[in-house]
Amino acid sequence: MKKEFQLTKQGVAELKAELAELKVKLVEVIDNIRTARDQGDLKENAEYHAAKEDQERLDSRMAEVTHILANAEIVKRSSTSSVGIGNSVSVKLGRKIVTYHIVDSVEANPAESKISDQSPIGKALLGKKVGDTAEINLPAGKTKVEIQEIK
């Protein structure tokens, strides 16, 4: 049975680290709630309400991360014959060579060149081989890239 999320080893490690950090923050927020509750009237206690909102936000993110980890499959991408999740792909974009790391949408982080397999770039690159040309539909229009290397 195929899992809901396909993550790299690094992505799983990052989510586990985030979950550990969230648990530490939750302990701090619970302490803040306790301190605010001791101040008396809760109706007009801004610290109490802010801490409760923080608790809800942390609980929600912890549940989300736990769900992702429980339903994740670690991608073991060793094939470099064609682009898939887990590969790094170098493409020629104009005169520049740009490298993207193809990942599941959960791991995507464009600032780190981690591109979702569901993004326009990811969709255009999936299944391509070195030397292939991919046409990418971007908001600014269509552009073509040539696959230079797959790792």
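Miscellaneous remarks
- Acute angle (nearest 10 degrees) that the helix 46-70 long axis makes with the longest principal axis of the chain, alpha-carbon atoms: 40 degrees
- Considered as an equivalent ellipsoid built on the Cα gyration tensor, the chain has semi-axes of 43, 17, 11 Å, the largest given first.
- Shape summary: the range 88-150 maps onto an equivalent ellipsoid whose semi-axes, from the alpha-carbon gyration tensor, are 17, 13, 11 Å in decreasing order.
- Listed from fewest to most Cβ neighbours within 10 Å, the set Lys128, Lys25 follows the order Lys25, Lys128.
- Pairs over the 32 Å Cα-Cα cut-off, from the set Lys9/Lys96; Lys23/Lys151; Lys25/Lys123; Lys16/Lys43; Lys23/Lys92; Lys52/Lys114: Lys23/Lys151; Lys25/Lys123; Lys16/Lys43; Lys23/Lys92; Lys52/Lys114.
- Working note: 222 nm ellipticity from helices only, DSSP H runs with n ≥ 4, each -39,500 (n - 2.57), summed and divided by the residues of the chain, gives -13500 deg cm²/dmol to the nearest 500.
- In order through the range 124-129: 3J(HN,Hα) via Karplus (6.51 cos²θ - 1.76 cosθ + 1.60), integer Hz, x for Gly, Pro: 5, 8, 4, x, 6, 10
- For the range 5-74, diffusion coefficient by Stokes-Einstein and Kirkwood Rh (Cα), 37 °C, 0.692 mPa s, µm²/s: 245 µm²/s
Computed from the coordinates by the stated procedures, all read-outs in this text should not be read as laboratory data. Source: prediction; values computed, not measured. Methodologically, a virtual Cβ is constructed for each residue, glycine included, from the backbone with ideal geometry; neighbour enumeration extends over all protein chains shown.
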